[in-house]
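As structure tokens, the structure follows; a few thoughts come after it.
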Amino acid sequence: MSELARNWSNVIGILIVVFGFAALLSWIERRLLGVWQDRYGPNRVGPFGVLQIVADAIKLLTKEDWIPPFADKAVFVLAPAVIAVTTLLAFAVVPIAPGIGVVDLNIGLLFFLAMSSLGVYSIVLGGWASNNKYSLLGGFRAAAQMLSYEVFMGLSLMGVVMLAGSFNLRDIVHAQENLWFCIPQILGLATFTVAGIAEARRLPFDLPEAENELVAGFHTEYSGMKFGLFFIGEYVGIILVSAMMVTLFFGGWLGPLLPPLMWFLLKTSVVIGFFILLRASLPRPRYDQLMAYGWKVMLPLTLVNLLVTGAIVLALES
Amino acid sequence: MWNSLKTMWIIFLHMFRRRETIQYPDEKPFIPPRWRGRIILSRDPDGEERCVACYLCAAACPVDCIALQATEDEHGRRYPSFFRINFSRCIFCGFCEEACPTDAIQLTPDFEMGEYDRKNLVYEKEDLLIDGTGKYPDYNFYRVAGLAIKGKNKGDAENETPPVDLHSLLP
């Protein structure tokens with residue numbers, strides 16, 4: 001197989017798998033939430049209800065795609081595209097297995113941080129362009145939330161970078177061959193988990209959406225496939241953050257017996273399951289609480305982690 | 001922090017609990033016998049209509065969904081010539097059952113009355129009338145009432161003494 005063909009099959013394959021998994025995730029999430037709430041969840045369409053995603057897709061595609069007359073049309077249309085594009089672009093750097101992955105940037109981690117941070121534009125612009133007070137409140141909250149988690153999100157990963165000595169995600173995975181970074185970087189893992197949930201805008205940090213206070217938050221005015229893009233963007237975001245957690249802290253594709261791809265999928269699925277469990281069990285904080293928590297607890301923690309890691313790395317080198 | 005983790009663990013353990021869901025169309029739920037569902041008109045133990053067309057149910061109905069017309073047979077027994085319940089209005093309050101002096105109108109545990117066409121929710125007498133006695137198997141209004149009808153003269157009712165011929169008491 002030529003180099004070009006392999007690259008293309010990689011790109012198309014990853015795109016299809018990510019989209020397919022994101023769609024499937026909407027069903028998995030509902031089933032798991034059901035299981036944890038003593039219910040069954042959707043189990044009617046097809047075997048175990050798997051075809052629910054097909055029914056949902058048909059519903060989303062055939063719904064009226066309404067743009068409110070009071071909305072800022074251009075921005076309103078652009079906003080859902082941004083989140084889908086940024087989350088998918090960030091997926092380009094995820095090293096899924098040896099030989100599987102779109103690009104191998106030597107600043108892969110920075111690229112991931114940049115792209116996932118750009119995603120918040122989608123929320124803020126969508127909330128602004130809707131010209132609806134609930135959407136606007138959702139957009140505000142997204143901005144406030146971004147201010148709370150973005151700083152310590154970047155800092156929480158710097159310990160990993162120090163230990164691996166590289167921003168390249170493949171090098172980071174290779175650096176974990178002896179010991180997964182979840183043990184020396186336990187503080188980094190804890191802080192990155194919190195930041196990752198906030199980044200994916202998932203419960204308990206789904207403040208921009210907050211359907212029990214803000215109708216549906218930033219996407220109140222969205223319908224049809226534009227809403228579908230937000231929806232897909234959210235699920236791709238979960239997969240992305242889970243994949244990054246696996247890559248950075250749980251040794252990526254490394255593991256005995258099973259092929260590397262299986263290990264990666266297995267670990268990512270477990271992390272996604274953990275995300276859904278979080279949604280099933282924890283209540284949502286107010287956004288000033290999240291902000292205080294981010295700046296007063298999480299930021300000092302990451303700084304302490306950074307100092308200790310740096311000191312140990314220095315001591316081992318000398 | 002510890003609280004949150006404990007919460008998550010408890011929620012995780014719910015995975016192994018019994019499901020509360022009743023998978024309805026496959027698995028029918030238990031409906032109590034006194035459930036207020038589809039309304040029926042019952043017959044007395046002799047197989048005659050219990051309804052005496054007194055209009056009390058229609059008067060008691062808060063949404064005016066009952067319509068009927070009283071008539072009499074050749075023996076003076078009253079019955080409704082038509083009896084119509086519009087179930088698209090009915091709120092299943094059960095007031096008609098409480099108002100009924102002859103236990104004719106009764107609510108049953110059947111709730112599966114969905115229709116695609118609204119008109120089909122208007123039930124006529126032949127839809128409402130059942131062959132049995134419903135919840136009160138022994139009650140027979142005309143057997144305890146003093147009214148003389150076919151097959152029962154004055155004085156033949158239960159706990160009723162025969163009428164006294166006043167003229168025979170004259171000195």
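The values are calculated or read from the model by the stated rules, or taken from the named source; none is laboratory data. All values reported here derive from a predicted model rather than from experimental measurement. Here the Cβ positions follow ideal geometry from the backbone for every residue, glycine too, while neighbour counts run over all protein chains shown.
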Any pair with Cβ under 7 angstrom, 6 or more apart, that starts in the range B:72-96 at a residue that is closer than 16 Å to B:Pro109 by Cα and at pLDDT 90 or above and ends at one that is of a type in the set (Ser, Thr, Tyr) and in a strand (DSSP E or B): B:Phe87/B:Tyr123
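From the residues in the range B:1-58 that are of a type in the set (Ser, Thr, Tyr) and at pLDDT 90 or above, which one is surrounded by the most Cβ atoms within 10 Å (Cβ to Cβ)? If you could, list the steps in order and put the result at the bottom.
Taking the range B:1-58 as the starting set, the residues that turn out to be of a type in the set (Ser, Thr, Tyr) are B:4, B:7, B:21, B:24, B:42, B:55.
Still in the list and also at pLDDT 90 or above: B:42, B:55.
Numbers: B:Ser42: 25, B:Tyr55: 15.
Here the residue is B:Ser42.
From the list A:Ile58, A:Ile67, pick out the single residue that is closer than 30 Å to A:Trp128 by Cα, part of a loop (DSSP other than H, G, I, E, B), away from chain B (no Cβ under 14 Å) and without any contact (Cβ under 8 Å) to a residue 40 or more places away in the chain.
Values: A:Ile58 fails: part of a loop (DSSP other than H, G, I, E, B).
From the options A:Ile58, A:Ile67, the qualifying one is A:Ile67.
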Given (1) under 30 Å from A:Glu221 (Cα atoms); (2) of a type in the set (Gly, Ala, Ser); (3) surrounded by 20 or more Cβ atoms within 10 Å (Cβ to Cβ), number of the condition A:Ala144 does not satisfy: (3)
Set B:Tyr142, B:Tyr123, B:Tyr116, B:Tyr136: member being surrounded by fewer than 12 Cβ atoms within 10 Å (Cβ to Cβ) and among the hydroxyl-bearing types (Ser, Thr, Tyr): B:Tyr116
Condition broken by A:Pro80, with the remaining ones in (1) of a type outside the set (A, V, I, L, M, F, W, C); (2) away from chain B (no Cβ under 14 Å); (3) surrounded by fewer than 18 Cβ atoms within 10 Å (Cβ to Cβ) satisfied: (3)
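Yes/no matrix, rows are residues, columns are (1) assigned to a loop (DSSP other than H, G, I, E, B); (2) more than 10 Å from every other protein chain (Cβ to nearest Cβ):
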site	(1), (2)
B:Leu5	no, no
B:Thr21	yes, no
B:Pro29	yes, yes
B:Val63	yes, yes
B:Ile85	no, yes
Those residues of the range B:87-116 which are part of a loop (DSSP other than H, G, I, E, B) and among the aromatic types (Phe, Trp, Tyr), in sequence order: B:Phe87, B:Phe92, B:Phe111, B:Tyr116
Residue that is nearest to the other protein chains (Cβ to nearest Cβ), among those in the range A:35-55 that are of a type in the set (Val, Ile, Thr) and assigned to a helix (DSSP H, G or I): A:Val35
Options A:Ala243, A:Ala216, A:Ala210, A:Ala200: the member that is within 25 Å of A:Asp56 (Cβ to Cβ) and over 19 Å from the mean Cα position of the chain (by Cα): A:Ala216
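Residue under question is A:Arg31, and the condition is that it be within 14 Å of another protein chain (Cβ to nearest Cβ), among the basic types (Lys, Arg) and either surrounded by 15 or more Cβ atoms within 10 Å (Cβ to Cβ) or in a helix (DSSP H, G or I) (or both); does it hold? If you could, list the steps in order and put the result at the bottom.
Details: within 14 Å of another protein chain (Cβ to nearest Cβ): yes; among the basic types (Lys, Arg): yes; either surrounded by 15 or more Cβ atoms within 10 Å (Cβ to Cβ) or in a helix (DSSP H, G or I) (or both): yes.
When the stated conditions are applied, A:Arg31 passes them.
State the number of residues belonging to the range B:7-17 that are of a type outside the set (A, V, I, L, M) and at the interface with another protein chain (Cβ under 7 Å from one of its Cβ atoms).
Step one: list which residues in the range B:7-17 are of a type outside the set (A, V, I, L, M), which gives B:7, B:9, B:12, B:14, B:16-17.
Next cut, at the interface with another protein chain (Cβ under 7 Å from one of its Cβ atoms) only: B:7, B:12, B:14, B:17.
Residues that pass the stated criteria total 4.
Residue by residue through the range A:134-191, note down the ones that are among the polar types (S, T, N, Q) and assigned to a helix (DSSP H, G or I). First the steps, then the outcome.
If we filter the range A:134-191 for residues that are among the polar types (S, T, N, Q), which is where we start, we get A:135, A:145, A:148, A:156, A:166, A:168, A:176, A:178, A:185, A:191.
Passing the criteria: A:Ser135, A:Gln145, A:Ser148, A:Ser156, A:Thr191.
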Filter result (within 14 Å of chain B (Cβ to nearest Cβ), over 19 Å from the mean Cα position of the chain (by Cα) and not hydroxyl-bearing (Ser, Thr, Tyr)) within the range A:262-295: A:Pro283, A:Pro285, A:Gln289
Any hit, the range A:7-18, residues being within 14 Å of chain B (Cβ to nearest Cβ) and β-branched (Val, Ile, Thr): no
Given (1) surrounded by 18 or more Cβ atoms within 10 Å (Cβ to Cβ); (2) under 30 Å from A:Leu248 (Cα atoms), index of the condition A:Leu118 fails: (1)
Residues of the range A:82-111 satisfying the condition of being more than 21 Å from A:Leu254 (Cα to Cα) and touching a helix residue (DSSP H, G or I) at 6+ places or on another chain (Cβ under 6 Å): A:Val82, A:Ile83, A:Ala84, A:Thr86, A:Thr87, A:Leu89, A:Ala90
Subset of the range B:73-90 (residues that are hydrophobic (A, V, I, L, M, F, W, C) and either closer than 17 Å to B:Ala145 by Cβ or more than 14 Å from the chain's Cα centre (by Cα) (or both)): B:Phe82
Residue list for the range B:76-125, filter: more than 30 Å from B:Tyr24 (Cβ to Cβ) and among the small types (Gly, Ala, Ser): B:Gly76, B:Ser81, B:Ala99, B:Ala104
Any hit, the range A:215-232, residues being surrounded by fewer than 22 Cβ atoms within 10 Å (Cβ to Cβ), over 24 Å from A:Val85 (Cβ atoms) and either touching a residue at least 12 places away in the same chain (Cβ under 8 Å) or among the aromatic types (Phe, Trp, Tyr) (or both): yes
